[in-house]
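Data first, discussion second: the structure below is written as structure tokens.
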Amino acid sequence: GGNGDLPAGYKRVDYIQFTGKQIVDTGKKGNQNTKIQTCFTREVSTQEYLYGVASSDNTASITAYLGGSWRFGNKSSTKSTSAMSKNLGYAAYVDKSTIGVTGSVTSISGVNDFETVGTILIGSCRNSSGTVGAAQFDGKVFFWVQWDGDEQVLRMFPVVTDEGVYGFWDYVNKEFHCSITTTPLEGGNL
């Protein structure tokens, strides 16, 4: 896409680069009606959170842990992911108790009536007290789209400002999301 639907001062790029030091706050809580679509690469082989928010009672977790389990709803109901290769693109989604990652789809049980303790983070997991966990994700993110039921609440794509600040432009809420850490995001074109 072009830049015609962006405000002045922003330009589309292909991806946002995380280096294990940045976190983007989506600003949206999750619940049993949450749907997420994203596309990403991973660039290290260590365990890391792509996104997440967790609860202390283990019934309101939305997490993607690239070292093993992806969770939606009850933390005891997980989908195990196979090892992800470096520098390959992956598509992932959560929708109606189903978690899919390129080449694998699994339905999980234990999705209860819940609202998460805090907003979903990209690049980290908000912990059970609602505070921000450590940044972990190392890789590229190409987009993030989120629904609450049938209502699209986020449609974020990579942009760079005229000042050289990289982040996501949310086309639904007309907002710019950059890193909430002191280390800025990177980005670019393929």
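The values are calculated or read from the model by the stated rules, or taken from the named source; none is laboratory data. None of the values given here were measured: they were computed from a predicted structure. A quick note on method: Cβ atoms are made from the backbone with ideal geometry, for glycine too, and the neighbour counts reach across all protein chains shown.
Anything in the stretch 81-103 that is farther than 25 Å from L190 by Cβ and surrounded by 13 or more Cβ atoms within 10 Å (Cβ to Cβ)? List them, or say none.
The answer is V94, D95, S97, T98, I99.
Just the residues that are modelled with pLDDT of 85 or more and among the acidic types (D, E), please, taken from the stretch 38-94.
E43, E48
Within the stretch 143-186, which strands (runs of 3 or more DSSP E) (wholly inside it) include 2 or more residues that are at pLDDT 95 or above and either touching an Asp or Glu at 6+ places or on another chain (Cβ under 6 Å) or buried (at least 18 other Cβ atoms within 10 Å of the Cβ) (or both)?
151-161, 166-170
For (1) acidic (D, E); (2) farther than 11 Å from V159 by Cβ, each residue gets a yes or a no:
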residue	(1), (2)
V13	no, no
Q17	no, yes
K21	no, yes
T26	no, yes
K29	no, yes
E43	yes, yes
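Scan D162, D148, D138, D170 and give me the residue that is free of Cβ contacts under 8 Å to residues at least 40 places away in the same chain and on the phi < 0 side of the Ramachandran plot. I'd like the intermediate steps shown before the answer.
Values: D162 fails: free of Cβ contacts under 8 Å to residues at least 40 places away in the same chain; D148 fails: free of Cβ contacts under 8 Å to residues at least 40 places away in the same chain; D138 fails: free of Cβ contacts under 8 Å to residues at least 40 places away in the same chain.
Just one listed residue meets the conditions, D170.
How many residues are within 19 Å of A91 (Cβ to Cβ), surrounded by 17 or more Cβ atoms within 10 Å (Cβ to Cβ) and more than 11 Å from the chain's Cα centre (by Cα) when one looks only at the stretch 14-29?
Total meeting the criteria: 4.
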